[in-house]
């Protein structure tokens with residue numbers, strides 16, 4: 001694999017890992033403050049375990065992205081596909097709720113939906129590249 005491409009894709013997974021690990025910690029332990037920062041604290045559910053669970057899932061997928069970064073990209077192709085599906089799921093849900101007008105705040109969409117779409121496209125590019133350069 002071209003060393004420049006390898007460095008680029010590893011950087012994508014490092015960045016995505018850090019992003020999701022940080023968000024995971026915030027939404028597991030500090031979800032009330034996070035929702036307050038983005039102006040939608042009034043939309044919190046009565047039972048916070050839902051948000052903590054989502055935060056924990058974010059943390060776990062962030063660790064998975066970091067493991068992809070540390071490992072061999074080609075051997076981790078299955079994890080890359082799962083990671084791309086995760087980004088597709090989140091950005092798809094975010095876009096759906098934005099279109100139907102139930103999105104609580106535009107900042108929420110911009111911060112999370114758009115960033116995940118960008119990560120999704122970078123992961124898809126990596127998947128396509130790995131498939132095209134099989135030896």
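Nothing in this text is a laboratory measurement; each read-out follows from the coordinates by a stated rule. All figures in this text were calculated on a predicted structure; none of them were measured in a lab. All Cβ positions, even for glycine, are placed from backbone atoms using ideal geometry, and neighbour counts span all protein chains on display.
Details
- Mean residue ellipticity (222 nm) of the chain, computed from DSSP H runs ≥ 4 via -39,500 (n - 2.57), nearest 500: -24500 deg cm²/dmol
- The chain: angle of helix 49-70 to the longest principal axis, Cα-based, in degrees nearest 10: 20 degrees
- Between the helical axis of 77-99 and the longest alpha-carbon principal axis of the chain there is an angle of about 30 degrees.
- Going from the residue with the fewest nearby Cβ atoms within 10 Å to the one with the most, 42, 20 rank 42, 20.
- Rg then Dmax, both in Å and based on the Cα atoms of the chain: 16.1, 54.
- Full-extension gain in nm, residue 60 to residue 132, via 0.36 nm per residue minus C-alpha separation: 23.0 nm
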